[in-house]
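Working notes, structure below.
The values are calculated or read from the model by the stated rules, or taken from the named source; none is laboratory data. Note that the structure is a prediction, hence the values are computed from the model and not measured. Methodologically, a virtual Cβ is constructed for each residue, glycine included, from the backbone with ideal geometry; neighbour enumeration extends over all protein chains shown. Side chains are part of the model used for accessible areas, which takes the heavy atoms of the whole protein and leaves out ligands, DNA and RNA. Shrake-Rupley method; radii C 1.70, N 1.55, O 1.52, S 1.80 Å.
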Amino acid sequence: MSARQRTGITYLVIIISALLLRISVYEGVGGRVGIDLDSYFTIMAQIVCFFILPLLMYIIFSMQDKNFTLRTLSNDFGFKKVSFCHFALTFVIGICMIYIATMIATLWNAILNLMGYTASPGTADDNTIGAIILQLFMTAVLPGFCEEFTHRGLLFYGYRDSGFKVVVVTALLFALMHQNIRQTGYTFFDGVVIGLLAYYTGSIWPGIFVHFFNNAYSVISGHLGVNNMLAGFMSDHPVWTIVLGTLFFIVASASMFFSFWKLRKDAVKKGIIQDRPFAPATEMALPLHKDVFFIVTVILGVAVTIFSLVWGIMR
């Protein structure tokens, strides 16, 4: 069985498990045993679905190889050192990603609102230090590591034979994994950015950092009321909002482009990638349209995401 097939089977099991977990939350399973539903879902989804499950299935499939060691897992999943220069570029890309993704999310939500979609009401924030630290752990630390372990670790390992398409494939599956139409737009963009980091550096660590940084910013800005302040400014100064927003977007896009250009240049020099814009799949690679497990996973993800849209409209 090829690495692609093992990965496809594993990821399909992960997504089905995550869907069943989400259904169990709707049925209040966590609440019946005295656990907060949000905490129950986060812990089970991140630790069980996106870490323990892919790790165990990878090890079970790899045990057929007599030369398998933990170092093999580390290499396959991209746990490689990153230079200080690349980390600095990653930091710049992370900042730019937050701004651009925020604009995408704002536009995406506006379109959904025009369609009559209504998001589920959020819970009131607890601004105590302990609550903020717990939320950072649940929202930034766990997803930053566990979701990257699966998407830029497991999936990159399995789909690396597809060449540059691995970036788009993992971004698509990452967006559909959220099973929520409200998050699909900006998470696909985030997935592409993080995928490019993994593709150009050959390491999972930049993606883990950017994912953590993005989610941590969301938590902290929410507690500080940044979004409300920005909304107030946009309402009071629409012209300045357009001017400054456009200027920041140009600067962020240019900074991100330059940073990726530098990463790509170094990647070619080190032999991590080929010196061509879009590396093709290897000759023996299974075409994506013939990859049954990939197609089934995408269809399932699309179906659940569309259901979330219909549910939000009919609510």
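If you wrap a convex hull around the alpha carbons of the range 48-129, what volume per residue comes out, as a whole number of Å³?
221 Å³
Could you work out how far the C-alpha centroid of the range 267-292 sits from that of the range 89-160, in angstrom?
Taking the Cα centre of the range 89-160 as reference, the centre of the range 267-292 is 28 Å away.
Taking springs between alpha-carbon atoms closer than 10 angstrom, which of 69, 90, 139 fluctuates most in the Gaussian network model of the chain?
Comparing 69, 90, 139 in a Gaussian network model of the chain, the most mobile one is 69.
Taking all protein chains as present, what is the carbon and sulfur share of the accessible area of the chain, in % to the nearest whole number, probe 1.4 Å?
C and S atoms contribute 71 percent here.
Using only Cα atoms, figure out Rg for the range 1-153 and give it as a multiple of 2.2 N^0.38 Å.
For the range 1-153, the normalised Cα radius of gyration comes out at 1.28.
Kirkwood hydrodynamic radius for the range 207-251: how many Å is it when counted over pairs of different Cα atoms?
Taking the inverse mean of 1/r over all distinct Cα pairs, the range 207-251 comes out at 12.0 Å.
Report relative contact order for the range 132-265 in percent, whole number only (criteria: Cα-Cα under 8 Å, sequence separation at least 6).
28 percent
Along the Cα→Cβ direction, 7 angstrom out, place labels at residue 132 and residue 234. What is the inter-label distance in nm?
2.4 nm
Report, in cubic angstrom per residue, the convex hull volume of the C-alpha atoms of the chain.
Each residue corresponds to 157 Å³ of Cα convex hull volume.
Give me the percent relative contact order of the range 51-173, please, defined on Cα pairs under 8 angstrom at least 6 residues apart.
Relative contact order here is 45 percent.
Modelled label-to-label distance, residue 249 and residue 12, 7 Å Cα→beta-carbon offset: nm?
If labels sit at residue 249 and residue 12, their model points lie 4.0 nm apart.
Could you calculate the contour length gain from residue 66 to residue 83, that is, 0.36 nm times the residue separation minus the distance between their Cα atoms, to one decimal place in nm?
2.9 nm
Give me the number: length gained by fully extending residue 274 to residue 103, i.e. 0.36 nm times residue separation minus the C-alpha to C-alpha distance, one decimal in nm.
58.3 nm
May I ask you to give the solvent-accessible area per residue for the chain, in square angstrom, as obtained with a 1.4 angstrom probe?
54 Å²
For the chain, calculate the relative contact order in percent as a whole number, restricting contacts to Cα pairs under 8 Å that are 6 or more residues apart.
Reported relative contact order: 29 percent.
Could you work out how much longer the chain between residue 282 and residue 43 gets when fully extended? Use 0.36 nm per residue separation minus the Cα distance between them, nm to one decimal.
82.3 nm
What helices does the chain have that are whole DSSP H segments, at least 20 Å long along their own axis by Cα, and with mean Kyte-Doolittle hydropathy of 0.0 or more?
3-26, 84-114, 181-201, 205-224, 238-270, 292-314
Cα convex hull of the range 134-196: how many Å³ per residue?
Hull volume normalised by residue count: 75 Å³.
Of 130, 222, 163, which has the largest mean-square fluctuation in a 10 Å C-alpha GNM of the chain?
Between 130, 222, 163, it is 130 that shows the largest mean-square fluctuation.
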